[in-house]
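Asker: Structure below; questions to follow.
Read-outs throughout are calculated quantities, based only on the coordinates presented, and are distinct from any laboratory measurement. Since the structure is predicted, the reported quantities are computational estimates derived from the model, not experimental observations. Note that each Cβ is placed from the backbone with ideal geometry, even for glycine, and that neighbours are counted across all protein chains shown.
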Amino acid sequence: MEAKTVNVTDSTQLRQLGNSDLKLSPLGLGCWQFSNGKGMVGKFWPVLRREDIRQIVQTSLEGGINWFDTAEAYGGGQSEQLLAGTLNEIGGPLAEEANIATKWWPAFRTAGSITATIDERIHHLAQRTIHLYQVHSPYSFSSVGATMNAMAKLVEQGKIKYVGVSNFSAQQIREADRVLREHGLRLVSNQVKYSLLDRRIEQNGILDTAKELGVAIIAYSPLMQGILSGKFHKNPALVKSIKGPRKWTAAFRNSGLQRSKPLIETLEQLAQQYNVTPTQIALNWLINAHGENVFAIPGASKVHHAEENVKAMQFTLTTSEIEMVSHVSNQVLRSK
Ligand SMILES: NC(=O)c1ccc[n+]([C@@H]2O[C@H](COP(=O)([O-])OP(=O)(O)OC[C@H]3O[C@@H](n4cnc5c(N)ncnc54)[C@H](OP(=O)(O)O)[C@@H]3O)[C@@H](O)[C@H]2O)c1
């Protein structure tokens, strides 16, 4: 089949992150994969070699990515340290100007720990600016209001630039934004699970409320942790070789793979027309289906993932292609 004439988008085309002055690439790099096998959450991914991390970060920067998403929970600061160390090692303007998004871990803590632990975050990040500081989830011992008051204090002290949240409901982002406004600030983003195989935010009010308030959506697990690449459909034996708990989730079971197969076939057909990969179609759909409201942060555990994923910013699906993919994804999600 002849490759489609591709509407090539300037890969350096940046968009404003919600209610902020940050100009970010539609894709950021998810850095959970840099947890170095440490801590509960860090055991989810295999330990990556330092050289692979360097190449993943460098490929991302050279491919037009200008921001990185990490967290305290990713190896208890390991991901932050490896990211900052790698950026320093790479050096040059792209690495120096990279924007950093990190997160405070709320479980079994009160809002007091936000101000108590910020210097540790800055230390792990080798004194880099924290452009976006996110509350990892709403599940702490403190109210949303108290949490936002503590985050506002960090902005006022110049320790962070902007406030974001993650895994917050529609009602919680409304409350977070209301409290931040009392400080003359705004909520900038809500980082949530969003992909062609998980579209709950379109139904539960999160996406609509975010659009209404000018809050950006940062889509995590945008490839459904690798499923949308189609590699597990092609070779189901690959699932067995996965280290960590991913293989036990519904999407990775045989029944899950059967269910998502029609979507993978659609992605493959479209990918062939564009001379790209299903992964790139899945990411392109996310960053173009809602104007400039949605950003996505695919993680990479191999250098070739980063090489492939950055190229998802180099074309734009047409409106009818976005609708077609959306339709097939909805059919799959409604099927049992
Ligand atoms: N806020 C939160 O609560 C939260 C939760 C989860 C994630 N996150 C953030 O979101 C980021 C991304 O989410 P995620 O890591 O859960 O899922 P993801 O980005 O959907 O999947 C990443 C995994 O998919 C596989 N993959 C990536 N690119 C590929 C490609 N081109 N071809 C084939 N396989 C590919 C790799 O795993 P294999 O090679 O091992 O298959 C990779 O580690 C994380 O790094 C983290 O920063 C945030």
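Asker: Set Lys and Arg Cβ to +1 and Asp and Glu Cβ to -1, take the dipole of the chain about its Cα centre, and tell me which of 232, 282, 327 lies farthest positive.
Answerer: After comparing all options, I get 232.
Asker: Neighbour counts of other C-beta atoms within 10 Å: give me 234, 247 arranged from fewest to most.
Answerer: 234, 247
Asker: Once you charge only the Cβ atoms, +1 for Lys and Arg and -1 for Asp and Glu, what is the size of the charge dipole of the chain about its Cα centre, to the nearest 20 debye?
Answerer: It comes to approximately 1240 debye.
Asker: Give me D for the chain in µm² s⁻¹, whole number, from Stokes-Einstein with Rh from the Kirkwood sum over alpha-carbon pairs, 10 °C and 1.306 mPa s.
Answerer: 79 µm²/s
Asker: Okay, moving on. Could you name the aspartates and glutamates whose alpha carbon sits less than 13 Å from that of residue 302, not counting residues in the same chain fewer than 8 places away?
Answerer: Straight-distance partners of residue 302: 51, 52.
Asker: Report the relative contact order of the chain, percent, no decimals, based on alpha-carbon pairs under 8 angstrom and at least 6 residues apart.
Answerer: Normalised by residue count, the contact order of the chain is 21 percent.
Asker: Along the range 185-200, what does the Karplus equation 6.51 cos²θ - 1.76 cosθ + 1.60 (θ = phi - 60°) give for ³J(HN,Hα), rounded to whole Hz, x for Gly and Pro?
Answerer: Rounded to whole hertz, the list is 10, 9, 6, 9, 7, 10, 8, 9, 6, 7, 6, 5, 10, 8, 10, 4.
Asker: ³J(HN,Hα) across the range 243-251 via Karplus (A = 6.51, B = -1.76, C = 1.60, θ = phi - 60°), whole Hz, x for Gly/Pro?
Answerer: Those phi angles translate into 8, x, x, 3, 5, 8, 7, 3, 5 Hz.
Asker: Sort 240, 311 by Cβ crowding within 10 Å, fewest neighbours at the top.
Answerer: If I rank by nearby Cβ atoms, fewest first, I get 240, 311.
Asker: Run down the aspartates and glutamates and flag those whose C-alpha is under 12 Å from the C-alpha of residue 23, throwing out any fewer than 8 positions away in its chain.
Answerer: Reachable aspartates and glutamates: 97, 292.
Asker: To the nearest 10 degrees, how steep is helix 144-156 against the longest Cα principal axis of the chain, on a 0 to 90 scale?
Answerer: 70 degrees
Asker: Pull out the extension gain between residue 269 and residue 116, defined as 0.36 nm times the separation in residues minus the alpha carbon to alpha carbon distance; nm, one decimal.
Answerer: Full extension from residue 269 to residue 116 adds 49.9 nm.
Asker: Now for a different question. Determine the alpha carbon to alpha carbon distance for each of 247/336; 193/261; 38/261 and list only those over 27 Å.
Answerer: Violating the 27 Å Cα-Cα cut-off are 38/261.
Asker: Then there's this: With +1 assigned to the C-beta of every Lys and Arg and -1 to the C-beta of every Asp and Glu, and no other charges, what is the dipole magnitude of the range 251-335 about the Cα centre in debye, to the nearest 20?
Answerer: Details: 6 positive and 7 negative charges, 78 e Å.
In debye, rounded to 20, the range 251-335 gives about 380.
Asker: Taking R0 as 25 Å, what's the FRET efficiency between residue 208 and residue 331 from their Cβ-Cβ distance, rounded to 0.05?
Answerer: Computed FRET efficiency for residue 208 and residue 331 comes out at 0.65.
Asker: Report the charge-dipole magnitude of the range 148-277 in Debye, nearest 20, computed about the Cα centre from +1 at each Lys and Arg Cβ and -1 at each Asp and Glu Cβ.
Answerer: So the dipole magnitude of the range 148-277 works out to roughly 600 debye.
Asker: Quickly estimate the mean residue ellipticity at 222 nm for the chain, helices only: each DSSP H run with n ≥ 4 gives -39500 (n - 2.57), and the total goes over all residues, rounded to 500.
Answerer: Using -39500 (n - 2.57) per qualifying helix, the result is -13000 deg cm²/dmol.
Asker: Residues with amide H under 5 Å of residue 162's amide H, sequence separation 5 or more or different chain, H placed in the peptide plane at 1.01 Å from N; which?
Answerer: Close amide H contacts, sequence-distant or interchain: 132, 133.
Asker: Using the Karplus curve 6.51 cos²θ - 1.76 cosθ + 1.60 with θ = phi - 60°, what ³J(HN,Hα) values do you get for each residue of the range 32-46, in whole Hz, with x for Gly and Pro?
Answerer: 4, 5, 9, 6, 6, x, 9, x, 5, 6, x, 7, 5, 10, x
Asker: Of 299, 60, 107, whose Cα points farthest to the positive end of the dipole of the chain (charges on the beta-carbon: +1 Lys, Arg; -1 Asp, Glu; origin at the Cα centre)?
Answerer: Checking the options against the dipole of the chain, the answer is 107.
Asker: With a Förster radius of 45 Å, plug the Cβ-Cβ distance of residue 243 and residue 182 into 1/(1 + (r/R0)^6) and report the FRET value to the nearest 0.05.
Answerer: FRET efficiency, residue 243 to residue 182: 0.45.
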